[in-house]
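**Q** Sending over a structure as structure tokens; questions will come in a sec.
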Amino acid sequence: MAEDELRRYLRRTVADLLQVRQELSALKQRAAEPIAVIGMACRFPGGIASPEDLWRVVSERRHVRSPFPADRGWRAAADHDEPGNPTVGLGGFLDDATGFDAAFFGISDSEAAAMDPQQRLMLEVAWEAFERGHLDPTTLRGSDTGVFAAVSDQVYSDWCPDWDGYETYYVLGNQVSLATGRIAYALGLDGPAITVDTACSGALVALHQAVEALRAGSCSLALTGGITVITQPTQFVAFSRQRALAPDGICKPYATAADGTAWSEGVGLVVLERLSDARRHGHPVLAVVRGSAVNSDGASNGLTAPNGQAQQRVIRRALVAAGLSAAEIDVIEGHGTGTTLGDPIEAQALLATYGRHRALERPVWLGSIKSNIGHTQSAAGAAGLIKMIMAMRHGVVPATLHVDRPSEHIDWSAGQLRLATESVPWPETGNPRRAAISAFGFSGTNAHVVVEYDTAGYDSEQRDFKTATGTAAEDITETARADSTVADSSRLPTYPVVVSARGAAALREQSARLVATIGIENAAAIVDLGYASVTTRAVFDHRAVLIAGETERLRAAAEAVAQGAGSSDAVVGAVSSGRLGVLLPGQGSQRPGTGRQLYELFPAFAAAFDELCAAFDPHLDRPLREIVFDADSETLDRTEFTQPALFSVQVAIWRLLESWGVTADFLLGHSIGELSAAHLGGVIALPDAAAVVAARGRLMQRLGPGAMLAVRASRAEAEEALGGYRDRVSVAADNGPNATVLSGDEAAVLELARYWRGRGRRTRRLGVARAFHSPQLDGLLADFRAVLAGVELKPSSIPLVSNVTGLVATSAQLSTPEYWVRQARGTVLFHDSVRCLRDAGVDTFLEIGSGDVLSGMTAECVADDRCAILPGLRGNGTEARDLLGAVAGIWVRGAAVAWPEVFTGSGARTVDLPTYAFQHRRYWHGTQHYWCASGGGATTAHFGVDPEAAQAAPEQTDPVAGLVAALAEFEASERGEYLLAAVRAQLTAILADRVEVTSIDDDTGVLATGLTSLSVLELRSRISGITGLVLPVSAFLDNPTPRTLAALLDTELAAVAPVTR
């Protein structure tokens, strides 16, 4: 017994030990897991707006510099000169540091003007980084994505009277710590949001923190990098006086001619993810971070003096973290600021760590991007990282510029370290390409990062790199695929490529950007572009869908949208507030072969149609598939076959649309089409529906000869003219204000035709041999009633507009056999039904079936250019294209469409697309520091107002006195409306820069109008400014309505401006 217990104990102990060992192994693997770089975005001087732009500058041996920018209110550099000590007036400046798309991020003009441009720029580049990582930024809301970024502590604007009333915007806009928090707030990211300021090493320090957080599980995705925007020339003046800047504004790293650094600005952000997660999610892996380390100089020769020993220690720690030896690193992107003190110290540390124990034929190469773009300070590490990733991917070690000869202050013979003064191929070692990046902070904080790129790829399956030019220079990374058992990129003749933006101008520019991307001359490229467009980009209210199967047509469609022109291959529109009504036509719309192409191309249609055939075939004397796809017109026009065929094609199309995520707000069928609608709404199950539709068609086929006549007359006119023909002729359908159909005895119908032609009305005999919806049906109704009595009828899950009443059918009506008997016999009130849909807010109509019969009739019924009426199939042999075009038409107006489902089975991959086309407005207040102001005060625009125009404006009267005087002229009953108008005016002023601001509801809380907690405080300041009242903050934070605020003002102003009339 004791031995058994001992055995059990030992087994448990061994199992526990194995579990602990597995857990420890998993923790070790997690702690050392490579971190994938899945997206990169940047903006640097010289018009650099992407990593590709940066690589072009580097690979073409260019450097960028310019004089002080003219749009920031700075005094000329010469104005700061001291005798014998000129101020360097050259540097690297962003082209559009003052520009920002505030409306895109829901930020008012006032708040944007108060924001440090670093906060503004980081918002846009963060969005671009996620997009370049093949991520729709809106899908990250609520995720544990972290933000780690280095931000320079610049002084954007000093406190001045301009900020009175905008104190909150000023305080928050100038807090460096809010830069990352604002990104997290704007995108709804729940992970850590940490702002770093260690000066020149900040970007790599932030990256190190992001890597550690990912490995620790603090976040599953991380945005990291750094930014510097120089908001005043202080550092140019101060460093020039200390002779620390290169007089020519050019950085000369590791060169004998080095004579100081060169200030620059920019932003670089990358998106990081654990490599295992990136593989699982199918994200692009541009490179991986193998290891990183951070330390401090400690007690060095001076507070800002570099410490070579500390640099060696941080390098060794980073290599340990990477699990690599120094000999396995091919290239080093050095800190290399071009100073005679810092560069030699750094080089000696590199020689001591990387230069030793290497073969003579395998030196480690050294370079610095500062020779191209200058010293971007907090963004410097990000610039070096992006340069190295691009260099590894292109297999080139780029040249470091402005080296007359390697510095004489560095003992280059002490190891195998070589300065890359010319571009050379990346060393071929048989291993992945590896590089290290250094960044050393002004404060003594050092950072070192080891990155790697494997040309074999990191994904679970081998990746392709397709290019428009056939070279590796412009890689389009293919990663995530559309799910497919058997992938076939040519499965469809056309594919949709969608584009959207917040405004019409942005949509045009976005389309223009897409034109440059469309360059691959095969359908597979189009399918990839389309799939990427629907899986990696956010959706906005201004939309376009390009539908083409050929590159040239796709490009032409994109160009047409970019130019605001029309194209048969492009559907353009904007989201409306209306609803979607689905129209299902009746007899007369049938065409042989309808649905054949859809059956061949779309499994969802084929599966639905197969099910319908199985349901109908027991009720028909010929297979339904043969009737629909192979029968001639004469056979298909037999009512016993027509009605099952129409029903089946309509239902199968709708099942296909459902698989694409389309839903209807209302259903409206015409005659037999109402039975299709009833089935789609769940009123009648398929087996019962097949029995009823087949019986309906079979019974109507038994009708004797008859005729139907379309008359250009109203229903009232037609009914009045029936006279003595009422027992033989009925109004079969009211299809529009002047579109009525008569049906009945052939001779009587022909006599009525002569009558109407005699009155100058146009008539047309319909191509049917039966008189539907006429007295001829009366003898068949009992049999039809009997069929209906045997089926189960339920309420519709989708509002269904009745042919019988022209109103939304009630559950009681739809569940009663007698209703369907009346529906078969009575007048089809299509005109009333369409008006019912319009009254219910429907402004988009989608016809499901062959042709455009109902579309034409609906257009006449609504006669409203604000409505869109879209036939699903136009009957021209291009069913897939037609249906995709119709779906595009409802999507651009706001209907939900699950576009990725269209690509099922295509094997499509996500590829790089242009980033969002932000629409910039100028926002710059600047500082009133004497080094900036040319004359007195700020010289640049504030809150969108030109200061010169403001100075020329006439003197303003006291708004409080004006309000009090105005109130004194009103009756008590009128004061409230006047104050309500005043509140509305202030709201409108705050929201004026937002997209799609139309009207303000007086009884809706102000937060629902688009105000944020900050802009609510702006509203309080504005109201205080015009009333002189100091209102409690709580009155505004409780989400009051404009009417509530007006009432509060009325009460508070009663003492100041009492009612006198």
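The values are calculated or read from the model by the stated rules, or taken from the named source; none is laboratory data. Quick caveat, the model's predicted, so the values are computed rather than measured. Cβ atoms come from the backbone with ideal geometry, glycine included; neighbour counts cover every protein chain shown.
**Q** Within region 282-298, track down each residue that is over 19 Å from residue 453 (Cβ atoms) and either of a type outside the set (Gly, Ala, Ser) or touching a His at 6+ places or on another chain (Cβ under 7 Å) (or both). Show your work before the answer.
**A** In the first step, residues of region 282-298 are kept if they are over 19 Å from residue 453 (Cβ atoms); the result is 293-298.
Within region 282-298, 293, 294, 295, 297 qualify.
**Q** Need the failing condition index for residue 157 against (1) surrounded by fewer than 18 Cβ atoms within 10 Å (Cβ to Cβ); (2) touching a His at 6+ places or on another chain (Cβ under 6 Å), just the number.
**A** Answer for residue 157: the failing condition is (1).
**Q** Still on this model: Kindly evaluate residue 358 against the criterion of being assigned to a loop (DSSP other than H, G, I, E, B), over 27 Å from residue 235 (Cα atoms) and touching a Gly at 6+ places or on another chain (Cβ under 9 Å).
**A** Values: assigned to a loop (DSSP other than H, G, I, E, B): yes; over 27 Å from residue 235 (Cα atoms): yes; touching a Gly at 6+ places or on another chain (Cβ under 9 Å): yes.
Spelling it out, residue 358 is indeed assigned to a loop (DSSP other than H, G, I, E, B), over 27 Å from residue 235 (Cα atoms) and touching a Gly at 6+ places or on another chain (Cβ under 9 Å).
**Q** Restricting to region 231-267, name every residue that is assigned to a helix (DSSP H, G or I) and without any contact (Cβ under 8 Å) to a residue 12 or more places away in the chain.
**A** Going residue by residue through region 231-267, those that are assigned to a helix (DSSP H, G or I) are 234-241.
Matches in region 231-267: 238 only.
**Q** Report yes if residue 668 is touching a Pro at 6+ places or on another chain (Cβ under 7 Å) and of a type outside the set (Gly, Ala, Ser), otherwise no. Full working, then the answer.
**A** Working: touching a Pro at 6+ places or on another chain (Cβ under 7 Å): no; of a type outside the set (Gly, Ala, Ser): yes.
No; evaluated as a whole, the condition is false for this residue.
**Q** Checking the conditions here, which among 314, 229, 285 is aliphatic (A, V, I, L, M) and within 23 Å of residue 38 (Cβ to Cβ)?
**A** Working: 314 fails: within 23 Å of residue 38 (Cβ to Cβ); 229 fails: within 23 Å of residue 38 (Cβ to Cβ).
None of the other options fit; the residue is 285.
**Q** Anything in region 1030-1041 that is at negative phi, in a loop (DSSP other than H, G, I, E, B) and not charged (D, E, K, R)? List them, or say none.
**A** We begin by selecting, within region 1030-1041, every residue at negative phi; these are 1030-1038, 1040-1041.
Remaining after also requiring in a loop (DSSP other than H, G, I, E, B): 1030-1033, 1038, 1040-1041.
1030, 1031, 1032, 1033, 1040, 1041, listed by residue number.
**Q** So which pairs qualify, if the first residue must be in region 413-424 and touching a residue at least 24 places away in the same chain (Cβ under 8 Å) and assigned to a loop (DSSP other than H, G, I, E, B), the second must be aliphatic (A, V, I, L, M) and surrounded by 14 or more Cβ atoms within 10 Å (Cβ to Cβ), the Cβ gap must be under 7 Å, and the two must be at least 6 apart or on different chains?
**A** 415/351; 416/364; 420/366; 420/397; 420/399; 423/396; 423/397; 423/399
**Q** Restricting attention to region 707-730, and to residues there that are in contact with a strand residue (DSSP E or B) (Cβ under 6 Å, 6 or more places away or on another chain) and part of a loop (DSSP other than H, G, I, E, B), which single residue is nearest to residue 748 (Cα to Cα)?
**A** Result: 728.
**Q** Taking region 590-605 on its own, how many of its residues are in contact with an Asp or Glu (Cβ under 9 Å, 6 or more places away or on another chain) and in a loop (DSSP other than H, G, I, E, B)?
**A** Residues that pass the stated criteria total 5.
**Q** What pairs can you find where one residue is in region 362-385 and buried (at least 24 other Cβ atoms within 10 Å of the Cβ) and assigned to a loop (DSSP other than H, G, I, E, B), the other is at pLDDT 95 or above and aliphatic (A, V, I, L, M), and their Cβ atoms are less than 7 Å apart, with a gap of 6+ or different chains?
**A** Once the first residue is buried (at least 24 other Cβ atoms within 10 Å of the Cβ) and assigned to a loop (DSSP other than H, G, I, E, B) and sits in region 362-385, its partners that are at pLDDT 95 or above and aliphatic (A, V, I, L, M) give 369/58; 369/383; 374/262; 376/383.
**Q** Then there's this: Spot the failing condition for residue 185; the list is (1) modelled with pLDDT of 95 or more; (2) crowded, with 22+ Cβ neighbours inside 10 Å; (3) aromatic (Phe, Trp, Tyr), and only one is missed.
**A** Only one criterion is unmet by residue 185, namely (2).
**Q** Here is a follow-up. Give me the pairs, please: first residue somewhere in region 854-881 and in contact (Cβ under 8 Å) with a residue 12 or more places away in the chain and not assigned by TED's automatic domain parsing to the domain that holds residue 712, second residue anywhere and β-branched (Val, Ile, Thr) and part of a strand (DSSP E or B), beta-carbon distance under 6 Å, and either six or more positions apart or on two chains.
**A** 855/869; 858/869; 868/844; 872/848
**Q** Within region 764-782, identify whether any single residue is more than 28 Å from residue 654 (Cβ to Cβ), surrounded by fewer than 23 Cβ atoms within 10 Å (Cβ to Cβ), outside the structural domain of residue 638 (by TED's automatic domain parsing) and of a type in the set (Asp, Glu), and answer yes or no.
**A** no
**Q** Looking only at region 105-154, filter to residues that are assigned to a loop (DSSP other than H, G, I, E, B), in contact with a strand residue (DSSP E or B) (Cβ under 7 Å, 6 or more places away or on another chain) and polar (S, T, N, Q); which one of those is nearest to residue 386 (Cα to Cα)?
**A** Ranking the qualifying residues of region 105-154, first place goes to 152.
**Q** Quick one: would you say residue 1027 is β-branched (Val, Ile, Thr), at negative phi and either modelled with pLDDT of 80 or more or out of contact with any helix residue (DSSP H, G or I) (no Cβ under 9 Å at 6 or more places or on another chain) (or both)? Spell out how you get there, then give the answer.
**A** Working: β-branched (Val, Ile, Thr): yes; at negative phi: yes; either modelled with pLDDT of 80 or more or out of contact with any helix residue (DSSP H, G or I) (no Cβ under 9 Å at 6 or more places or on another chain) (or both): yes.
Yes: the conditions hold for residue 1027.
**Q** Would you check which residues across region 188-212 are among the hydrophobic types (A, V, I, L, M, F, W, C) and either surrounded by 24 or more Cβ atoms within 10 Å (Cβ to Cβ) or touching a Pro at 6+ places or on another chain (Cβ under 6 Å) (or both) and list them? Give the steps one after another, and end with the answer.
**A** Initially, region 188-212 is screened for residues among the hydrophobic types (A, V, I, L, M, F, W, C), giving 189, 193-194, 196, 199-200, 203-207, 210-211.
Matches in region 188-212: 189, 196, 200, 203, 204, 205, 206, 207, 210, 211.
**Q** Among the candidates 581, 593, single out the residue that is among the small types (Gly, Ala, Ser), surrounded by 19 or more Cβ atoms within 10 Å (Cβ to Cβ) and in contact with a Phe, Trp or Tyr (Cβ under 7 Å, 6 or more places away or on another chain).
**A** On the way: 593 fails: surrounded by 19 or more Cβ atoms within 10 Å (Cβ to Cβ).
Answer to the selection: 581.
**Q** Against the conditions (1) of a type in the set (D, E, K, R); (2) at pLDDT 95 or above; (3) loosely packed, with under 15 Cβ neighbours inside 10 Å, where does residue 56 fall short? Just the number, please.
**A** Tallying (1) of a type in the set (D, E, K, R); (2) at pLDDT 95 or above; (3) loosely packed, with under 15 Cβ neighbours inside 10 Å, residue 56 fails exactly one: (3).
**Q** Turning to a different aspect of this structure: Go through region 76-94 and give me each residue that's surrounded by 20 or more Cβ atoms within 10 Å (Cβ to Cβ) and more than 18 Å from residue 250 (Cα to Cα).
**A** 80
**Q** Pick from region 902-922 the residues that are of a type outside the set (A, V, I, L, M, F, W, C) and within 21 Å of residue 541 (Cα to Cα): which of them is farthest from the chain's Cα centre (by Cα)? Walk me through how you get there before you give the answer.
**A** We begin by selecting, within region 902-922, every residue of a type outside the set (A, V, I, L, M, F, W, C); these are 904-907, 909-910, 912, 914-916, 919-922.
Of the ones still in play, those that are also within 21 Å of residue 541 (Cα to Cα) are 914-916, 919-921.
Details: 914: 11, 915: 9, 916: 8, 919: 15, 920: 18, 921: 21 Å.
That would be 921.
**Q** Right, here's the next one. Can you name every residue in region 864-900 that is of a type in the set (Lys, Arg) and either in a loop (DSSP other than H, G, I, E, B) or farther than 21 Å from residue 531 by Cβ (or both)? Before you say what the answer is, go through the steps one by one.
**A** Restricting attention to region 864-900, the residues satisfying the condition of being of a type in the set (Lys, Arg) are 866, 874, 881, 893.
Across region 864-900, the qualifying residues are 866, 874, 893.
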